[in-house]
Amino acid sequence: MSDEVGDFIPAVAREMLTRRDEFISDLFSVTRSQIHALNLDSRLRGLLEASITENIVAAVHFLENDTPEEDLEAPTAAIVYARTLAQRDVPLSALIRAYRIGHARFLDASMRYAFEMDGGSSSATIIRLVNRSAQYIDRVCEQVGLAYEQERDRWVGSRSGLRQQWVAQLLDGAVTEIRQAEEALDYSLTGPHVAVDAWADPTVSPHEAVTVLDQLRSLLSPVLEAVGRPLMVPTDEREVRMWFSVARTAEIDVDRIAQLLAGNSLPVQVALGCPESGVEGFRRSLEQADRVREIAMASGNAPRVISYAQVASIALMVGDLDAVRRFVIGCLGDLAVDDDRNMWLRETLRVFLAKNRSFAAAAEAMTLHRNTIQYRVQQAMDRSGHHFDDSERALDLQLALQAARWLGSAVLRAPNASEGGGVTAGRVSGRRGRRRG
């Protein structure tokens with residue numbers, strides 16, 4: 001390698017480093033849009049972003065420092081991501097395709113920077129960039145592929161892995177012999193089921209998570225009045241799906257479950273579906289639990305326990321958080337600012353509306369004086385720009401308050417920030433009403 005090329009490659013690498021945030025954001029979006037298997041839920045998306053970030057930084061340092069290929073090790077986040085995909089039964093081909101997309105875009109960007117810095121970049125420089133980036137991708141793909149295969153062999157070879165395969169086939173509708181599936185899972189697929197998504201706190205080690213989640217299963221069985229042994233299937237080292245065969249389709253006592261978690265100091269979050277019957281109910285209750293989990297993950301400050309019955313209307317909206325945020329800000333105006341004062345005003349107005357606009361009932365529910373409720377409600381209505389004779393927008397207001405309650409900062413406006421061009425729900429639907437803020 002000539003001295004000129006040797007000096008120029010690190011300069012290109014440093015330029016890549018200065019623009020890395022924009023590049024990583026773009027690559028993350030492209031990967032999610034092109035590979036659906038890597039965009040299944042918020043946890044996988046978080047691991048994908050961490051893997052992309054560490055890979056880009058490592059690749060830049062590989063170029064800048066002229067690291068020997070044999071000394072290159074895949075980033076920790078990349079290995080963790082590969083193992084998690086193996087546990088989730090995501091094909092290795094999806095992961096390798098992501099690396100190919102990243103390689104192509106990394107090479108395109110680095111060559112573009114090379115030409116920007118020196119329009120007369122030599123062919124030797126370009127060849128060096130191509131070769132070095134290929135070395136990085138080949139070496140890292142080899143290591144993450146090995147990690148994936150080893151984890152896959154371990155996972156499938158375990159009882160939990162076999163259960164996961166049967167459950168995956170049930171959810172895909174690929175099982176025709178229901179009796180055979182019941183025998184393999186040791187779980188009855190007739191009658192009503194309640195599905196649960198549960199995940200341990202990030203501070204809990206994988207080893208501790210096994211104990212925590214098993215304790216949770218034992219706590220939930222009597223509360224849900226489960227019949228027989230529940231079905232528990234790990235989805236990765238800190239997360240599980242559970243199904244409880246229940247005797248009746250009664251309303252789930254969320255408060256009691258939350259009290260049990262607190263009383264036993266269990267560092268875990270729980271998302272529950274509704275009781276649903278038969279094999280279709282087995283699938284449908286899980287779909288509900290998955291939606292609840294998305295709400296909890298989007299909120300960032302959700303209660304430990306949430307059931308689908310509590311958030312059904314919001315669960316239908318979380319597929320497009322940007323649209324929900326525009327709706328909430330447009331409907332609530334200044335009341336959508338994310339601070340403590342507005343939080344209490346929103347909650348007071350929500351309870352007041354839920355109690356059929358009764359100041360006395362709201363005061364009793366919130367253990368506050370009636371005058372305090374009246375004052376807060378008036379403040380909330382002033383900030384939102386609503387008035388009670390605008391009955392056509394009452395449903396919009398209640399939905400926006402519910403969304404703000406459950407999704408929190410994900411759909412609210414930061415203090416002192418602009419609304420970002422949000423459009424009021426009233427203007428979209430052609431209804432009356434004004435927006436403030």
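The values are calculated or read from the model by the stated rules, or taken from the named source; none is laboratory data. A quick note: this is a predicted structure, and the numbers were derived from the prediction, not measured. Here Cβ is always computed from backbone atoms with ideal geometry, including for glycine, and neighbour counts include all displayed protein chains. For the accessible areas, the whole protein counts, side chains as well, though only heavy atoms, and no ligand, DNA or RNA atoms are used. Shrake-Rupley method; radii C 1.70, N 1.55, O 1.52, S 1.80 Å.
Compared with the alpha-carbon gap, the fully stretched path from residue 364 to residue 313 is longer by 15.8 nm at 0.36 nm per residue. So the label point goes 7 Å from the Cα of residue 162 along Cα→C-beta, right? Which residues of the range 181-216 then have their backbone N under 19 Å from it? Label zone hits: 181-189.
Averaged per residue, what accessible surface does the range 266-313 expose to a 1.4 Å probe, in Å²?
On the way: 1700 Å² over 48 residues.
Each residue of the range 266-313 exposes 35 Å² on average to a 1.4 Å probe.
Given R₀ = 51 Å, what would the calculated FRET efficiency be for residue 112 paired with residue 287, taking r from the Cβ atoms and rounding to 0.05? That gives a FRET efficiency of 0.70.
In terms of its C-alpha gyration tensor, the chain has an oblate overall shape, because the principal axis ratio a/c (a ≥ b ≥ c, square roots of the eigenvalues) is not below 1.5 and a/b does not outweigh b/c. A convex hull fitted around the alpha carbon atoms of the range 1-141 yields 98 Å³ per residue.
Is the shape of the range 206-309 best called rounded, prolate or oblate, per the rule: a/c under 1.5 gives rounded, else a/b larger than b/c gives prolate, else oblate, with a ≥ b ≥ c the square roots of the Cα gyration tensor eigenvalues? Please report the intermediate quantities before stating the final value.
Working: a/c = 1.32, a/b = 1.23, b/c = 1.08.
The shape class here is rounded.
The label-point distance for residue 265 and residue 25, in a model that sets each label 7 Å from Cα toward Cβ, rounds to 4.2 nm.
Distant-in-sequence amide contacts of residue 307, defined by a placed amide H-H separation under 5 Å and a gap of 5 or more residues or a different chain, comprise 272.
Would you kindly state how much longer the chain becomes between residue 320 and residue 344 on full extension, computed as 0.36 nm times their sequence separation minus their alpha carbon distance, in nm to one decimal? Kindly include the intermediate steps, with their values, before the conclusion.
On the way: separation 24, 0.36 × 24 = 8.64 nm, distance 2.60 nm.
Full extension of this stretch gives 6.0 nm more.
Rounded, prolate or oblate: which fits the range 183-261, taking a ≥ b ≥ c as square roots of the Cα gyration tensor eigenvalues, rounded meaning a/c under 1.5, else prolate when a/b beats b/c? Let's see the in-between values first.
Working: a/c = 2.46, a/b = 1.35, b/c = 1.83.
Because a/c hits 1.5 or more and a/b fails to exceed b/c, the range 183-261 counts as oblate.
Summing charges over all other residues whose Cβ lies under 13 Å from the Cβ of residue 216, with Lys and Arg as +1 and Asp and Glu as -1, gives -1.
At R0 = 30 Å, how high is the FRET efficiency between residue 123 and residue 150 if r is their beta carbon distance? Nearest 0.05 is fine. All intermediate terms of the calculation are to be shown ahead of the outcome.
On the way: r = 41 Å, r/R0 = 1.36.
After rounding, the FRET efficiency stands at 0.15.
Largest first, the extents of the alpha carbon coordinates of the range 308-374 on the three principal axes equal 38, 28, 17 Å. Centre-to-centre, using Cα atoms only, the range 308-374 and the range 177-235 are separated by 34 Å. Here r is the Cβ-Cβ distance between residue 104 and residue 176 and R0 is 41 Å; the resulting FRET efficiency, rounded to 0.05, is 0.45. The GluC sites (Glu not before Pro) found in the range 1-74 that occupy coil by DSSP, while having at most 14 further C-beta atoms within 10 Å, are 73. Between residue 301 and residue 183, the modelled labels are 5.4 nm apart [label points 7 Å from Cα along Cα→Cβ].
Residue 390 to residue 371: extension gain in nm, 0.36 nm per residue of separation minus the Cα-Cα distance? Intermediate values should be presented prior to the final figure.
Details: separation 19, 0.36 × 19 = 6.84 nm, distance 2.33 nm.
The span from residue 390 to residue 371 would gain 4.5 nm if fully extended.
So, with a 1.4 angstrom probe, what is the percent of accessible area on the range 74-232 that is carbon and sulfur? Carbon and sulfur atoms account for 53 percent of the accessible area of the range 74-232. Using Cβ point charges alone (K and R +1, D and E -1), the dipole size of the range 97-150 about the Cα centre works out to roughly 60 debye.
In debye, nearest 20: dipole of the range 72-211 around its Cα centre with unit charges on the Cβ of K, R (+) and D, E (-)?
For the range 72-211, the charge dipole is close to 480 debye.
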